[in-house]
């Protein structure tokens, strides 16, 4: 072989050696990169419901309305049924302590499973006063009336929507009067108090005025 042939062959060998070295180096880098990447992978964070710093449910007995507020802003307003005169809804501040989907109703030995005949409907949100809660009904025509045994009844669609928005620990205020909190919650769009409630209130005001006059005249003793 001539000198030129030997030089050409040597160049080819050197080039092949360099390429092989580069390929090996690249493979090591790639494997190292994958290993480092695997060490840096962290478990996927659990999907959690965003915390709401100030969520409040306000129920107005005279207005037969339930208002959901979040951070002071009105999110939803629903019509509800409240306790009838013989079994009134309790006024005060409570919390939601239990949530049950498709509950089984049990009272005085009567048991009704989930379904359209269930007296508490498809959802139950129990309050911190035992025996009271926010729930559905198998008597949808009672919504907007004083008809329950003290619980707050809602229509099926409204109840199931509220169930997705409220959580255990949320505060619930039940107001026996259309006070400042109720006025704030209902705002300018607050509906008129039902006629029968307004008539009853007016009659009570006349009665109170009459008692006050009798007391002042010494006849109310």
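What follows is calculated from the coordinates using simple rules that are stated; it is not laboratory data. Quick caveat: nothing in here was measured; it's all calculated off a predicted structure. Neighbour counts run over all protein chains shown; Cβ positions are idealised from the backbone, glycine included.
Sorted ascending by nearby beta carbons within 10 Å, beginning with the fewest, 106, 122, 89 become 106, 122, 89.
The length gained by stretching the chain between residue 184 and residue 108 to full extension, at 0.36 nm per residue less their Cα-Cα distance, is 23.4 nm.
For the range 55-194, DSSP calls about 75 percent of its internal beta bridges antiparallel.
When the Debye formula is applied to the Cα atoms of the range 55-194, each taken as the same point scatterer, what base-10 log of I(q)/I(0) results at q = 0.14, 0.18, 0.19, 0.21 Å⁻¹? Scattering profile of the range 55-194, log10 relative to I(0): -0.57, -0.98, -1.10, -1.36.
In a fully extended conformation the segment linking residue 149 and residue 75 would gain 23.9 nm over its present Cα-Cα distance, using 0.36 nm per residue. Rounded to the nearest 0.05, the FRET efficiency derived from the C-beta distance between residue 168 and residue 101 at R0 = 22 Å is 0.95. Using 0.36 nm per residue and subtracting the Cα-Cα separation, the extra length available between residue 176 and residue 130 on full extension is 14.7 nm. Here 165, 66, 56 are placed in order of increasing Cβ neighbour count within 10 Å, fewest first, which gives 165, 56, 66. Listed by Cβ neighbour count within 10 Å, with the fewest neighbours leading, 123, 76 appear as 76, 123. Cα centroid separation, the range 109-178 to the range 62-78: 15 Å.
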